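Below is one structure; the comments refer to it alone.
The values are calculated or read from the model by the stated rules, or taken from the named source; none is laboratory data. On a predicted model such as this, the values are computed, not experimentally measured, just so you know. In this analysis, Cβ positions are derived from the backbone assuming ideal geometry, glycine residues included, and neighbour counts consider all displayed protein chains.
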Amino acid sequence: MNHLEPSLTTVLEFIGITRIHRIAVEHQETGGKLLADSINAAEHQVDALIAHLAPALHTAEQEEPA
């Protein structure tokens, strides 16, 4: 059970950060191939999230006034 994520979400929302992306690594308790596969999947999810968010960041940087 994940007790950390709801607490962090509450704190982040309290300070105004409402756009939160979650990527989890599972099977820490079992280890082995299941953990390795989960880490690999999470790394791919991070790469996909970066690819999704990067264009918006680049656009926002160009729109800032000089």
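Details
- Count - residues of region 1-55 that are part of a helix (DSSP H, G or I), of a type in the set (D, E, K, R) and within 12 Å of the chain's Cα centre (by Cα): 3
Results for (1) under 17 Å from Glu5 (Cα atoms); (2) surrounded by 11 or more Cβ atoms within 10 Å (Cβ to Cβ); (3) out of contact with any Cys (no Cβ under 9 Å at 6 or more places or on another chain); (4) charged (D, E, K, R), shown as yes or no for each residue.
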site: Ser38; (1), (2), (3), (4): no, yes, yes, no
site: Ala42; (1), (2), (3), (4): yes, yes, yes, no
site: Asp47; (1), (2), (3), (4): no, no, yes, yes
site: Leu53; (1), (2), (3), (4): no, yes, yes, no
site: Thr59; (1), (2), (3), (4): no, no, yes, no
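- Meets criteria (modelled with pLDDT under 95 and not hydroxyl-bearing (Ser, Thr, Tyr)) for Asn2: yes
- If you go through region 1-27 and keep only what is over 19 Å from His52 (Cβ atoms), loosely packed, with under 11 Cβ neighbours inside 10 Å and of a type in the set (S, T, N, Q), you end up with Asn2, Ser7, Thr10.
- Residue list for region 1-43, restricted to those being over 24 Å from Ala56 (Cα atoms), touching a helix residue (DSSP H, G or I) at 6+ places or on another chain (Cβ under 8 Å) and polar (S, T, N, Q): Gln28
- In region 27-66, the residues that are at pLDDT 95 or above and of a type in the set (Val, Ile, Thr): Ile39, Val46, Ile50
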